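> Sending over a structure as structure tokens; questions will come in a sec.
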Amino acid sequence: MLQVILSTVSKWAIPFLLLIIPLCGIIKKVPVYEAFVEGAEEGFTTAVRIIPFLVGMLVAISVFRASGAMDVLISLIRPLMVALGAPPDVLPLAIMRPLSGSGALGLATELMKVYGPDSMIGRMASVMQGTTDTTFFVLTVYFGSVGIKRFKYAVVTGLSADLTGLLASIYICNLLFK
């Protein structure tokens, strides 16, 4: 019964919002279409403004992977991951996740194909995807879009949160699935 209710709610949630939001605007006498067009224009301007930051980040990630630096980092961290109880195969995902969401998703998908979603590696990859964030992407897009130049503490905080998420995913997976 609960599944039927959730399925119905999820099916109608977006159409309901698409109806109710303009309706609320009309009731409050907001020029809905003009407000939408103005917001879309601001979004387009923001997208154009962040393109150089995105290109720079994508080039840096490509250089990081192609130069072999990621492989060197993986070989250095591998013994620590094994000591923490994490399968070494999830290490590339742990390194890629703060850099690129699509790159991390590709690695997680590959881990699922090779080991299966119900394996320890598949579960840990899933939990890592949910507990960590794409720190450098967030800094690039959000900070770049509003012109923030000094973000040293944000980098430290974001990477600390990613490390905490990684350690929590290792702990939780070992606690629940071993």
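The values are calculated or read from the model by the stated rules, or taken from the named source; none is laboratory data. Quick caveat, the model's predicted, so the values are computed rather than measured. Heads up, the Cβs are rebuilt from the backbone with ideal geometry, glycines too, and the neighbour counts pull from every protein chain shown.
> Looking only at helices (runs of 4 or more DSSP H) that lie completely in segment 35-126, which have at least 1 residues being among the hydroxyl-bearing types (Ser, Thr, Tyr) and surrounded by 15 or more Cβ atoms within 10 Å (Cβ to Cβ)?
On the way: elements: 69-84, 91-96, 101-115.
Qualifying helices (runs of 4 or more DSSP H): 101-115.
> So, one more: Check off (1) out of contact with any Pro (no Cβ under 9 Å at 6 or more places or on another chain); (2) of a type outside the set (S, T, N, Q); (3) closer than 23 Å to residue 88 by Cβ; (4) part of a loop (DSSP other than H, G, I, E, B) for residue 168 and give me the number that stays unchecked.
So the condition that residue 168 fails would be (4).
> Restricting the first residue to segment 9-22 and requiring it to be closer than 13 Å to residue 33 by Cα, which pairs with a second residue that is surrounded by 10 or more Cβ atoms within 10 Å (Cβ to Cβ) and not acidic (Asp, Glu) meet a Cβ separation below 8 Å and a spacing of at least six or different chains?
Matching pairs, first to second residue: 22/32.
> Taking segment 29-57 on its own, how many of its residues are closer than 21 Å to residue 135 by Cα and either of a type outside the set (Val, Ile, Thr) or more than 26 Å from the chain's Cα centre (by Cα) (or both)?
Within segment 29-57, residues that are closer than 21 Å to residue 135 by Cα and either of a type outside the set (Val, Ile, Thr) or more than 26 Å from the chain's Cα centre (by Cα) (or both) number 7.
> Something else about it: Can you name the residue in segment 1-60 that is of a type in the set (S, T, N, Q) and over 30 Å from residue 139 (Cβ atoms) and is also modelled with the highest pLDDT among such residues?
The qualifying residue modelled with the highest pLDDT is 8.
> Write out, first by first residue and then by second, each pair whose Cβ atoms fall under 6 Å of each other, whose residues are 6+ apart or on separate chains, and whose first residue, in segment 83-101, is under 15 Å from residue 137 (Cα atoms) and in contact (Cβ under 8 Å) with a residue 40 or more places away in the chain while the second is buried (at least 21 other Cβ atoms within 10 Å of the Cβ) and β-branched (Val, Ile, Thr).
Going by the 6 Å Cβ cut-off, the qualifying pairs are 97/132.
> What pairs come up if the first residue lies in segment 149-178 and is free of Cβ contacts under 8 Å to residues at least 40 places away in the same chain and among the aromatic types (Phe, Trp, Tyr), the second is assigned to a helix (DSSP H, G or I) and surrounded by 15 or more Cβ atoms within 10 Å (Cβ to Cβ), and their beta carbons are under 6 Å apart, counting only those six or more places apart or on different chains?
151/139; 151/143
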